[in-house]
Amino acid sequence: MPPSSWIGWLLQLSWPALRQQWGRQTLALLAIALGVALATAVQLINSAGLREFDAAARALSGQADLELTAATGALDEALFARLAEREDVLALGPMLEGRAQLLDAQGQPFSLRLLGVDMLQLAQLQPELLPVFDGDRPPDLLADGQLFLNPAALQRLGADLGAKSPAELSLRLQVQGQARSVTLRLAGRTATAGAPLAVLDIAVAQALLGRPGELDRIALRLLPGLDPQAVAAGLALPPGVRARTAAAAEGQAAQLSQAYRVNLGVLSLMALFVGGFLVFAVHTLSVAQRLPQLALLGVLGMSARERAGLVLSEALLLGLLGSLLGLALGIGLAALGLRQLGGDLGAGMLGGMLGGARPQLQLPFVPLLALGSLGLLVSLAAAALPVWGLRRLPAAQVLKGLGADTHPRLPRWLGPGLLLLGGLLSLLPPLHGLALGAYAAMLSLLFGGLAAVPALVDGLRRLLPRRRSALALLIRERAHDQAGEATRMLAGVLVALSLSVAMLVMVGSFRTSLDDWLRDMLPADLFVRNGLRAARQEGLPLPPAFVQRLRASGLAERIAQQRTRELSVAGQPVLMLARELPDDEGRLPLTGALAPRSQLPPIYVNEAMRDQLRLRPGDTLMLELAGQAALAVQVRGVWRDYSRQSPALLIALADYQRWSADTAVTDLMLHLPPGAADMQALQQRLRALAERPEDIELAAAGELRRFSLQLFDRSFAVTYWLQAVALGVGLFGVAASLSAQVLARRREFGLLLHLGFERRALRRMVVAEALLFGAAGAIAGLLLGLAISAVLVWVLNPQSFHWSMDMHVPLTRLGLLMFSVLLASGLTAWWAARAAAGPDALQSVKEDW
């Protein structure tokens, strides 16, 4: 059939009917638009943040094929000289990293990454790091005492706002344990993306950082056609030196935020998923109200296929309009989100990698086309079941006013079977770091819960009091006859409610567990650390003179100390926290059972280290540190570590010092005497003990706890909005379904009025039916939500982020959610019944004749 005929049918047959349902059709359009908009915004923001981070990572690896690093410590410059003699190496790029502190345009300190490179090799290996010059003459790349800043660093200095860049910069850094100030000349800029970065010549960097003869990494570019892995295997590297391909290094960096991005992307689809059930309800009710017209069209010669095509065309048009509106709204939300929250929506997952840089929004055609097609697919899928029913439409029966049940009845075993399958899927291990089994389990639980709604409605019907009254009899029989219809009516709100319950329980459990963890990990009143950072943002030791003066000052009743540094375990870098551990291990945030004590020094590994190295309590490990013999230790237990997703371990400070003879202190934990002076005055006295007070960072335990919880709330702020949108769409869906069903029963109400029913009794009956269905949806949503929250708490979070937590159910919020569903159902039914049982209800009986 030519397209012009379809357009004519849509204008003459569909448009008049859809215009009478403009309210429900508008809700369906908005549901698709909101779902597509949220998915588009999150995808564009995620891709922008990751693209900025990838650009920064590629700038370091450049065109190198291999990258050499040390598991602990630094590389010897002699290795560079030996590699330069190999015939299969085309170019070598030495690199040395450090950190300095610089004051921004507002006088606030910020961390600047220092990168020492061979300026003469940049064009071959790392062209993204090459300085950019605007004048006629290029700068002298090998001059002493100069550096080149990237756009993020210049932005912090105010240069991007039209301010003139300072000719000289004063940097604060720590060299061989001593803080010092250095003045360098700003010679130009580089185009490198990412966090604030300064590029220096390798010789200048070695002298500046006090590390002659040392390198942090070596980039190798091989002759064309050589296999990097084969070359790496034949390098005969010294012990503790690792070789990996540049692609592997970039991929490992991107995996740091992979779980967060995937989880947020799945969460952003929640509104579209819930909206799909609303669209399904709208399509179903639209077809149900037009059954006589569609049956008449069949009698007049329109085939079942053509009638199905007509309904599908309506769904296609609705999906197309919703997708276009959603794409436009999503692009606007993405631009606003990048400007206000950055490339990780304020969660801090990429903040350290991007250093506050705002990624630029890009609009790739293929991803936008795929996102737009989601709305089309949702609308067409939602119309599939009503369209399938049209092909089985008994036209004669419908035209006689006897109705038609064209929807298939689900087998009774389907609901319990899908619920059981969901439980089994949750037992699957992660695949490539993604909890795919958990996602499949939650989807199976959702569909299983939907399939079990008729049985739940029938069970609630049996609990109704068996009064010998017409009203009670009608309510029970209606619930019995329409149990299958309850699934279609409650699908949207059930899915939205269950996901909202699951998110409430998961977020509440996480926040409560984080609060408990902070109390265990912050046992002191005041914490002191060095404001200067190492190359990888590790804490540098505090000046020994400052520590001695603090101990002699008497300002603290007791001072505990901690040493933080990186060491190697099984060839993998691991962050070590050596601190004074309590005698009572119950005061540590441990999870799982403890191993029996052995003669070896005990350590406690975090969950990321346990999962990455596949450790169990009781295992023996060898700790490796540059310049020290390896130390055999026993894995005593596993501790919760919400501050990082990378491997880390706890060890007693005395055990570490006996092994390493390292007496440096990274952090001090001060226990203040009762009735100590006010915290601000005390902090001023503590800073006065340092030679450079600005190099010392002080924070009270309450301040750290408050900051951590604020960061948590900001990280999950987006999930609250997504959850609210999904729940709102679900409530609109149940309201639209209830009102449409009530209005479709006008002839039934007219007949009951003819038989002597009072209008007040009719309204009570409709409200009671709605409350029965609403109670079924609320109970099913609550139970499903608790089941899904168990998957989130005990499967998804441990597999995605290596964070376990204790289950916490926020009863008050859940009660408010249940009440909102019942209230929306009751008010909608009362309003619709009042309209349907109006003065013209008696006349509606004539429609059958």
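Of note:
- Selection within the range 78-109 - part of a strand (DSSP E or B) and over 14 Å from Leu66 (Cα atoms): Leu96, Glu97, Gly98, Arg99, Ala100, Gln101, Leu102, Leu103, Pro109
- Restricting the range 634-657 to residues that are of a type outside the set (A, V, I, L, M, F, W, C) and in a strand (DSSP E or B), the residue that is surrounded by the most Cβ atoms within 10 Å (Cβ to Cβ) is Arg636.
- Picking from residues in the range 556-576 that are outside any loop (DSSP other than H, G, I, E, B) and over 34 Å from the mean Cα position of the chain (by Cα), the one that is surrounded by the fewest Cβ atoms within 10 Å (Cβ to Cβ) is Arg558.
- If you go through the range 621-631 and keep only what is in a strand (DSSP E or B) and surrounded by 13 or more Cβ atoms within 10 Å (Cβ to Cβ), you end up with Leu621, Leu623, Glu624, Leu631.
- In the range 403-422, the residues that are under 10 Å from Ala451 (Cα atoms) and surrounded by 14 or more Cβ atoms within 10 Å (Cβ to Cβ) form Cβ pairs under 7 Å with partners that are of a type in the set (Ser, Thr, Tyr) and at pLDDT 75 or above, at six or more places apart or across chains, as follows: Leu418/Ser444.
Rundown of residues vs (1) within 30 Å of Met622 (Cα to Cα); (2) surrounded by fewer than 20 Cβ atoms within 10 Å (Cβ to Cβ), yes/no style:
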site	(1), (2)
Val182	no, yes
Leu186	no, yes
Leu197	no, no
Gly234	yes, yes
Arg244	yes, yes
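- All helices (runs of 4 or more DSSP H) inside the range 435-537 with 1 or more residues being at pLDDT 90 or above and in contact with a Ser or Thr (Cβ under 9 Å, 6 or more places away or on another chain): 436-451, 483-521
- Residue match in the range 245-264 (condition: modelled with pLDDT under 85, more than 26 Å from Phe110 (Cα to Cα), out of contact with any Phe, Trp or Tyr (no Cβ under 6 Å at 6 or more places or on another chain) and part of a strand (DSSP E or B)): yes
- A Cβ distance below 8 Å, combined with a sequence gap of six or more or placement on separate chains, defines the contacts here; from the range 193-215, residues that are closer than 19 Å to Leu129 by Cα reach residues that are acidic (Asp, Glu) and in a loop (DSSP other than H, G, I, E, B) in the pairs Asp201/Asp118; Ile202/Asp118; Val204/Asp144.
- Flag if Arg221 is among the basic types (Lys, Arg), under 23 Å from the mean Cα position of the chain (by Cα) and either within 30 Å of Gly337 (Cβ to Cβ) or at pLDDT 85 or above (or both): no
- Condition check for Ser47: among the hydroxyl-bearing types (Ser, Thr, Tyr), modelled with pLDDT under 90, within 25 Å of Ala198 (Cβ to Cβ) and outside the structural domain of Ala534 (by TED's automatic domain parsing): no
- Picking from residues in the range 577-620 that are assigned to a loop (DSSP other than H, G, I, E, B) and of a type in the set (S, T, N, Q), the one that is farthest from Leu518 (Cα to Cα) is Gln599.
- Scanning the range 61-118 for residues that are among the basic types (Lys, Arg) and within 29 Å of Ala230 (Cβ to Cβ) gives Arg82, Arg86.
- A Cβ distance below 8 Å, combined with a sequence gap of six or more or placement on separate chains, defines the contacts here; from the range 583-595, residues that are closer than 11 Å to Val638 by Cα reach residues that are among the hydroxyl-bearing types (Ser, Thr, Tyr) and buried (at least 18 other Cβ atoms within 10 Å of the Cβ) in the pairs Leu588/Tyr604; Leu590/Tyr604.
- Considering the range 658-707, and only residues there that are in a helix (DSSP H, G or I) and among the basic types (Lys, Arg), the residue that is modelled with the highest pLDDT turns out to be Arg658.
- Candidates Leu316, Leu324, Leu297, Leu329, filtered to the one that is modelled with pLDDT under 75, assigned to a helix (DSSP H, G or I) and not assigned by TED's automatic domain parsing to the domain that holds Ala195: Leu297
- Contact map, the range 431-444: first residue touching a residue at least 60 places away in the same chain (Cβ under 8 Å) and under 18 Å from Ala496 (Cα atoms), second residue surrounded by fewer than 17 Cβ atoms within 10 Å (Cβ to Cβ) and of a type in the set (Gly, Ala, Ser), Cβ cut-off under 8 Å, separation 6 or more or different chains; pairs are Ala441/Gly423.
The values are calculated or read from the model by the stated rules, or taken from the named source; none is laboratory data. These numbers were taken from a predicted model, which means no experiment stands behind them. Neighbour counts are summed over all protein chains in view; Cβ atoms, including those assigned to glycine, are modelled from backbone coordinates with ideal geometry.
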